[in-house]
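> Here it is, the structure, as structure tokens.
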Amino acid sequence: MRRISADVVIALLLLVICAVFYAETFAYQRVHLSIIGAKLWPRVVVAVLGMLAALYLYQSVRAGATPWETPWSLKAWLHENRNVIACFALYGLFLVTLPWLGMLLGGILFVFATLAAIGHNDLKSHLVHAAIAVVSIGLMWSVFTFALGVVLPEGVILPR
Amino acid sequence: MDVLENALLALQAVAHPHTFALMTIGVAAGLIAGAIPGFTITMAVVLTLPFTFGMDAIRGLSTMVAVFVGGLSGGLMASVLTGIPGTPSSVATTFDGHPMAKSGRPGLALGLGVWSSFFGGMISCAFLIMLAPSLANIGLEFGPWDYFSLVVFALTITASLAGKDMTKGLIAGVFGLLVASIGEDETSGVARFTFGIDDMRQGFAFLPVLVGLFAFSQLLSDIRDPKAAKKPMVMNQAKIKIEHLQAVKTIFRKWATLIRSSLIGIFIGILPGAGGTIANILAYDQAKKASDAPERFGTGVPEGIIAPESSNNAVEGGALITMMALGIPGDVVTAVMLGALLIHNIAPSPTFISTEPVLAYSIMIAFAISLFIMLGLQTVCLRIFVLVTRVQMYRLATVILAYCAIGIFALNNITFDLWTLFWFGIIGYAMRQFGFPLAPMILGVVLGNNAEINLIRALATDTDLMLFLTRPWSLFFILIAVFSFAFPWYQNLRTSRQWTLLFIPCLPLALSVPLFMMSGWVRPVVALALLAIGCWLLWRRHRSGWRLPTPAEVKVYGDD
């Protein structure tokens, strides 16, 4: 069974991105003092990217799709990429909760949750994970806060 | 101020106990990062960047150079002891390093690697000190047309290194330019590609983009396989002692391999975008071809360790020559260093050495001193570095992900940078999965602003586009860009298409044209030499009856 290849999908996606970005250049504010418009460079870049995407599409269509040995399934893909998805999801959650939890607490929770999600799943390992989370983030937070003088997000739960 | 005075000031700054301590930590961190399979040197240098914000430019750059030197040498430990390359720059070291270690000489294998790294680095350092100032004088001749063409050349050659996937390499490079153009235009203040999002008006900071693309995506790739992520990266090793004396004696006996490989490393380093990954394999290949007993390669011969290790360390000297003399990165690590310069408000340009001589000499001196620190640390702390590699990957990756967040926030103290890191982490991961090279994109992001400014300057001075072809340096870079663009086709078709026979002879012939257009007598003489080489190559083709090489000949003898 022959299906559309990933390269074709990416090439089409790139062409859509180029179209959206090119259209956006028409919305630029006009500045009279400027000798050459602010839109020149972006348009050149988008046009070149569009041409390359078209070439990529041509090459991908010409190469044809590889027949997949096993039909693609969402379940199998999720299983195969579960570590990566867990990391991205937990990192996203860490960013969303950062204003409330702050860098110290949020960082510790992020490290612990990620280790628990992708690492060994037994009591001893969880204790090790908790220790790693507290020590590693506590140490780095201290270095940045006290040694380098960086004010990291405090959050509302554990303000300094 | 003269050269000596600048060099002395630089030495004073680098040899300061504080800087020296930072460099020692940097080399140690690099050795550890390099020893861990899956961790690239680039990632180690990228992760060092946030710690250098609070330092002055000399200390920051010296620390990053130290991490790089340590990383290059650390890669050999994993290669020799486990057979797994610690970094892509030490792939070829595994071919003979691991067999030698398995046959009971791990101390000699490590010694050969450590000392070859040292000598390779020192040779390239000597070239750096000799060549960079002379090349910098050439940089002073560049106008905006020339600099724009230089950027085009840098992007093209980096993309061409993607080989069969050159289109993907070019897309990545131009995508980098697009990312760099997001935010307010420097000259007019017009917001571009912000889609109404206020945070995007200032554009994407370089560091979150870089860390997201490289470090974030690399870490996630490393832990993708749940089983592999839970295993220790390197199993326990018995106590090993480096055989220094024997190693040095062996290297001196094989001096031709050392010199040849170091020169290959320097040359590859000078090419924008090419790095240790290519140099170590090319040097190994050349050492094998030059050997009286090529069949013994792969069984644990000393040349098989000397060649890749000296070349991958020599790369950095070459890359620094390009960075300092022309203002474009020689490899991804020097791209990060250019990013660090931007953070310290120093714009990378061909006038770097003349405008920042002390900083330039500091980088050169830091490079040399780091090699000595590396040698000392490898000798004293080898066992500790090996122990670190027993950590499970998922633990290390998770902690470093969190460190990325803290370090990135420290850059501008805004949460938007953390989101930039997140989104570019996803983009980087997707690019890796679908075979898009990341190096051209990084180059695009780093050079995008300079390319735009110089194009605008050129057009504001004169709208005649022919100036890009009539100015000698601009024409020179455009010609190399065209040849590097066509190179993958030449490589793939050289056994089947007649036109490929003209490709190599045409290169010196074409390059002689802009050199003839230049003033003085040296460059026209070089042009004459190129013309002679081109004609000689054509005559050779003619004498052999314009016969295409067979696939077997291409494999055995390589190229001209």
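> Starting at 0 and stepping by 10 Å, how many percent of the alpha carbon pairs of segment B:467-557 end up in each bin?
Pair shares across the bins are 17, 40, 30, 13, 1.
> Is there a simple number for the mean count of other chain Cβ atoms within 10 Å of the Cβ of residues in A:116-123, and what is it?
3
> Net charge within 15 Å of B:Asn454 by Cβ-Cβ distance, Lys/Arg positive one each and Asp/Glu negative one each, not counting B:Asn454 itself?
After counting each charged neighbour, the total is -4.
> Related question: Can you order the peptides B:166-175, B:516-525, B:14-23 by their average number of other Cβ atoms within 10 Å per residue, highest first?
B:166-175, B:14-23, B:516-525
> Okay, moving on. Per q in 0.05, 0.08, 0.10 Å⁻¹, report the Debye log10 I(q)/I(0) for the protein assembly as shown, using one uniform scatterer on each alpha carbon and no solvent.
Listed by q, the Debye log ratios stand at -0.24, -0.66, -1.07.
> Please identify the DSSP H helices in chain A that span no less than 30 Å along the helix axis (Cα) and have a mean Kyte-Doolittle hydropathy of -0.5 or more.
Span-like helices here: A:40-63.
> To the nearest 20 Debye, how big is the dipole of the protein assembly as shown about its Cα centre, given +1 on the beta carbon of each Lys and Arg and -1 on that of each Asp and Glu?
Magnitude of the dipole: close to 2020 debye.
> Can I ask one more? Quantify how strongly other chains surround peptide B:180-188 by giving the mean number of their Cβ atoms within 10 Å of each of its Cβ atoms.
Rounded to a whole number, the mean comes out at 5.
> Now for a different question. Can you give the Kirkwood hydrodynamic radius for segment B:245-350, in Å, rounded to one decimal and based on Cα pairs?
14.4
> At 0.890 mPa s and 25 °C, plugging the Kirkwood radius over alpha-carbon pairs of segment B:362-447 into Stokes-Einstein gives what diffusion coefficient in µm²/s?
148
> Taking the number of other C-beta atoms within 10 Å as the exposure measure, put A:Lys124, B:Lys254 in order starting with the fewest.
Going from sparsest to densest Cβ surroundings: A:Lys124, B:Lys254.
> Same structure again: Could you order the peptides B:123-131, B:505-513 from most to least packed, using the average number of other C-beta atoms within 10 Å per residue?
B:123-131, B:505-513
> Could you tell me the distance between the Cα centroids of segment B:382-458 and segment A:95-160, to the nearest Å?
About 20 Å separates the Cα centre of segment B:382-458 from the one of segment A:95-160.
> Between the alpha-carbon centers of segment B:31-88 and segment B:300-334, tell me the distance in whole angstrom.
The two parts, judged by their Cα centres, are 14 Å apart.
> Taking a quarter of the surface of the convex hull around the Cα atoms of segment A:75-147, what do you get in nm²?
So the mean shadow area of the Cα hull is 5.5 nm².
> If you find the alpha carbon centre of segment A:9-24 and of segment B:105-160, how far apart are they in angstrom?
Answer, in whole Å: 37.
> Beyond a 20 Å Cα-Cα separation, which of these cross-linked pairs lie in this structure: A:Lys75/B:Lys168; B:Lys254/B:Lys288; B:Lys102/B:Lys241; B:Lys102/B:Lys227; A:Lys124/B:Lys227?
Listed pairs above 20 Å: A:Lys75/B:Lys168; B:Lys102/B:Lys227.
> Please list the equivalent ellipsoid semi-axes of segment B:71-121, computed as the square roots of five times the alpha-carbon gyration tensor eigenvalues, in descending order and whole angstrom.
15, 13, 7
> So, one more: Please compute the average number of Cβ atoms from other chains found within 10 Å of each residue's Cβ in peptide B:434-444.
Average neighbour count from other chains, rounded to a whole number: 1.
> Add -39500 (n - 2.57) for each DSSP H run of 4 or more in chain A, then divide by its residues: what number comes out at 222 nm, to the nearest 500 deg cm²/dmol?
Computed mean residue ellipticity for chain A: -23000 deg cm²/dmol.
> Moving to a separate point now. Do me a favour and compute the ellipsoid semi-axes for chain B from its Cα gyration tensor, root of five times each eigenvalue, largest one first, whole Å.
The equivalent ellipsoid of chain B has semi-axes of 34, 32, 24 Å.
> Can you find, among B:Ser62, B:Ala191, B:Gln218, the residue farthest towards the positive end of the dipole of chain B? Put +1 on the C-beta of Lys and Arg, -1 on that of Asp and Glu.
Result: B:Gln218.
> Using DSSP to define loop residues, name the GluC sites (Glu not before Pro) in segment B:129-214 whose beta-carbon has at most 16 other beta-carbon atoms within 10 Å.
Filter output for segment B:129-214: B:Glu141, B:Glu186.
Quick note: the coordinates plus some simple rules give every number you see, no bench work behind them. Since the model is a prediction, treat every value here as computed from it, not as a measurement. Positions of Cβ are generated from backbone atoms using ideal geometry, with glycine treated the same way; all protein chains shown enter the neighbour counts.
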